[in-house]
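Okay, structure first, notes after.
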Amino acid sequence: MSVNNLLRLSLILSIAVFSCKVSEKNYIEKNQDALSEIAVDTTSTEETVDTEIKWYRAERTRRFKLIHTKLQVSFDWEKQYLLGMATLTLEPYFYDQSTLQLDAKGLEIHGVALEDGEKTNPLKFDYNGKELEIALDKSYQKGQKIHIQINYTAKPNEGDFADNPGSDQKGLYFINPKGEIKGKPQQIWTLGETESNSRWFPTLDAPNQKSTEEMFITVANKYKTLSNGNLIYSKSNADSTRTDYWKMDIPHAPYLFMIAVGDFAVYEDEWDGMKVDYYTEQAYGKYAKNIFGHTPEMIGYFSKILNYPFPWPKYSQVIVRDFVSGAMENTTASVFMEELNMDSRALLDYDWDDIIAHELFHQWFGDLVTCESWSNLPLNESFATYAEYLWINHKYGKDEGDYHIYEDLDTYLTEAESKQVDLIRFNYEDSEEMFDGHSYAKGGLILHLLRNYVGDEAFFASLELYLKSHAFGKAEAHELRLAFEQITGEDLNWFFNQWFLSAGHPKLRIEEGYDAENNKYIVKVWQDQDIALYPVFKLPMILDLWQKGNKETYTIEIDRPYQEFEFENVSDPDLVVVDSEFSLVGEIKHIKTAEQYQFQFTHYKDNVRARLDAITFFTKNPANSYGNNVFSKALQDSFWVIRQKALEVIDQDTTNLFTQNEELIVKLANNDPNPLAKAEAISVLETKAVEKYTQVFKSNLNDSSYSVAGQALYAYLQSEDADLSDVVSNFAQETNFNITSTLADYFIKKNEHNQYGWYLDKLHLYSGQELYYFIKIFTIYLVNSPDDQIEAGIKALEELALNHYQFYNRFAAYQGLEMFSDVDGVPEILKRVQEKETDPRIRAYFE
């Protein structure tokens, strides 16, 4: 699956699971503001590491093989029920079996029968609400197939989840089922990972099972359906419904089964003669090619580097409303959150190629070869995360790729401040814990490190061997290691033990100096991680030593708590860079001078991370000649992120960086080819000289980029120009968050308390991080509003606090209500919210 800064609307929150779970990327979703107010334990890992094994999460024992699954389903939208008939084909795995236990969570079981040709014979069963235990008519041996028919009803909004609208474990979701919410489509979709598909059909809900599949989906004629495999036929029924028959004749894991139902627009694309379809809401059908259009190229690229063509009969991608994860890699049919609903202007600012590549790569790593247990989840998620880098580096160049790795390292190290666990871990309490910055970001970084160590040819040959050896089956981490060992001829236990099977990361401290007595230059290295808790790492890496502008490169190996590296005929180098490939999954503390950081910025023009490290240093030390030189060069850097980072520093700087670079910043504000860097330049001009550059702001109001137009609008509204009211009126109907958040702020500052209807329309428009921030703005607007608006606003906040599917937006609404705790009736509302809320993160705030 995949997790989600404000511009990217990442769904990865600092203390939330990667709901890609953001993670997919779950996503993992990098904005760390949304839950900063919620109380969490951020005690350092050194103090909280628990080495006691409380659980051992082994691979599920297989008593039966699930061979084939046939599902016939229809829906009661009013009650939010799925009416189902499941026919499962199974056989004993090895030992004789006379009972069959299936996963069936929260279902109503109407009957169970043994299907024998055209006859069905009822079977006795026991059901406890979670497992369905069936007494077979006799003992069956290995190789003997049985066909079990189960008549049932799935009720996803009853039982455990009656009061939990945002659970990501309901399996089946009805969106606006009665059509009561204006402007919101009616949809049904499913989410199976980890073991939630058994909430809408009985199965053996474990990742080590593989089954072929048939899906008969009956819906009203106005809806389109999507499922795994190919659509074989659609049959019209006498009651104005239609039954679509989807067939998947290649085995895959039950958690990857899916259904989506809605009034979708479908754009038909193709790769090498194979169908590639994009399902969107009707309003975004004309942008589907813009959103997903790189998919065929991605399929071709991944097929080539893996030397394994796309393994399934088709590939579809669908965007749905209220998705409780970032995205989900169902076999042949990935589902994406509504943030991908973008028009062509929004796509100028950013795209979602990373999450699209992530879910696509899962079709090999996760769907073709599936982790045998959730303890081995990184075999799915680490590869999918690394695929983001592979695609970005291939499509957009080395700078973009390096920056993506840089962001992943920051994601992991941020999480590591409060959590350090084994990548492959068997002692989790809940499988949802596996969807974190370790399985995603750290795992992808480790794969990059492994690639650097063995080389490109060996790396991709090993992946090919791994895929072909376990195709349409399952695997554990040791089997990945064995594939690499078979290709390289090297025992790689040391690498997998320290990176996959141990917690923590190296913390290197480096000091350097000249030994005059022996005429040698010495580089001293300490591993400063707590070696009582974490391993002493073996770290092969590259060291660059610069003298008089020339570079010498050395291969070194750090493998002890302390060691020294000596270099002859060196006395006063320009710069020493340990890990010059910048691939270490860890931290390096190496004190350098301002002059050395200037040298690093200038001489590592092909390495974004080296330049960003220099920018970071001068962020804290800008007021010197070296810093001035670096920022002037950074503003002219070929990579937009470097320009943007430099502008961010200048925006906050209180020295003379702005005046030294003013002319260049004006040029960037008018002409920077990257909209995010251009918007940042406009922000600098607004901060430093708002009245001087009103014409620059005004000329950018109609920029094709929302980010630029939004920043220009904000800057222009800070001026005293006479036509501000006309400008505001022209933008009032815009729906892009860059624009509306600016206007919302403006109305508050100008005490315009006749805008309640405008705010309410926008409140209903957004979800995700956009809604989180808009709830905050809406609350501020209400504070000084007339009583009738406050009363109406409280009702709107109550609805969000009680029923919104995203927990952090329920939390934001609850905090908004707290602002009005002295208003009649609000204490009772707060109490109702507290009684209904089940999310432990919010409950921790209550307590």
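The values are calculated or read from the model by the stated rules, or taken from the named source; none is laboratory data. Since the model is a prediction, treat every value here as computed from it, not as a measurement. Note that we place each Cβ from the backbone using ideal geometry, even for glycine, and neighbour counts take in every protein chain shown. We work out accessible area using only protein heavy atoms, side chains counted, and drop any ligands, DNA or RNA first. Shrake-Rupley method; radii C 1.70, N 1.55, O 1.52, S 1.80 Å.
Remarks
- Cα gyration tensor category, rounded, prolate or oblate, for the range 88-205 with a/c compared to 1.5: prolate
- When you count the other C-beta atoms within 10 angstrom of each residue and take the mean per peptide, 376-385, 658-667, 273-282, 716-725 line up highest first as 376-385, 273-282, 658-667, 716-725.
- The range 233-299 and the range 495-523: distance between their alpha carbon centers, rounded to Å: 52
- For Lys507, a cut-off of 14 angstrom between C-alpha atoms picks up these aspartates and glutamates, skipping any fewer than 8 places away in its own chain: Glu46, Glu417, Asp528, Asp530, Asp559, Asp579, Glu587.
- Using a probe radius of 1.4 angstrom, the carbon and sulfur fraction of the accessible surface of the range 667-805 is 45%.
- Neighbourhood net charge (10 Å Cβ-Cβ; Lys/Arg +1, Asp/Glu -1) for Glu587: +2
- The Cβ shell under 13 Å around Leu575 holds other residues with a net charge of -4, Lys and Arg each +1, Asp and Glu each -1.
- Peptides 291-297, 726-732 ranked from most to least packed by the mean count of surrounding Cβ atoms within 10 Å: 291-297, 726-732.
- Taking label positions 7 Å along the Cα-Cβ direction at both His764 and Ile522, the computed distance is 7.4 nm, reported to one decimal.
- Within the accessible surface of the range 530-596, defined with a 1.4 Å probe on protein heavy atoms only, the carbon and sulfur portion equals 43 percent.
- Annotation for the range 210-231 versus the range 141-176: alpha-carbon center distance of 16 Å.
- Listed by chain and number, the lysines placed with their C-alpha closer than 23 angstrom to that of Lys698 are Lys667, Lys678, Lys688, Lys749, Lys750; residues fewer than eight positions away on the same chain are left out.
- Protection proxy ranking of 340-349, 185-194, 553-562, by the mean of other Cβ atoms within 10 Å over each peptide's residues and highest first, is 185-194, 340-349, 553-562.
- Where labels lie 7 Å past Cα in the beta-carbon direction, separation of Asp824 and Leu701 in nm: 4.5
- Overall form of the range 604-667 per C-alpha gyration tensor (a/c, 1.5; a/b vs b/c): oblate
- Under 5 Å from the amide H of Ala253 lie the amide H atoms of Ser211, each residue being 5 or more positions distant or on a separate chain, with H modelled from the backbone and absent for Pro and chain starts.
- Cα gyration tensor shape of the chain, rounded if a/c is under 1.5, else prolate or oblate by comparing a/b with b/c: oblate
- Long pairs among Lys762/Lys795; Lys275/Lys398; Lys155/Lys795, criterion Cα-Cα beyond 26 Å: Lys275/Lys398; Lys155/Lys795
- With 20 Å as the limit, the listed pairs Lys520/Lys548; Lys395/Lys551; Lys442/Lys645; Lys70/Lys247 have Lys395/Lys551; Lys442/Lys645 beyond it between alpha carbons.
- Length gained when the stretch Arg832-Tyr95 is fully extended (0.36 nm per residue, less Cα-Cα span): 260.0 nm
- Per residue, the accessible area of the chain comes to 40 Å², computed with a 1.4 Å probe over protein heavy atoms only.
- Inter-part distance where the range 532-583 and the range 598-638 are each reduced to a Cα centre, Å: 22
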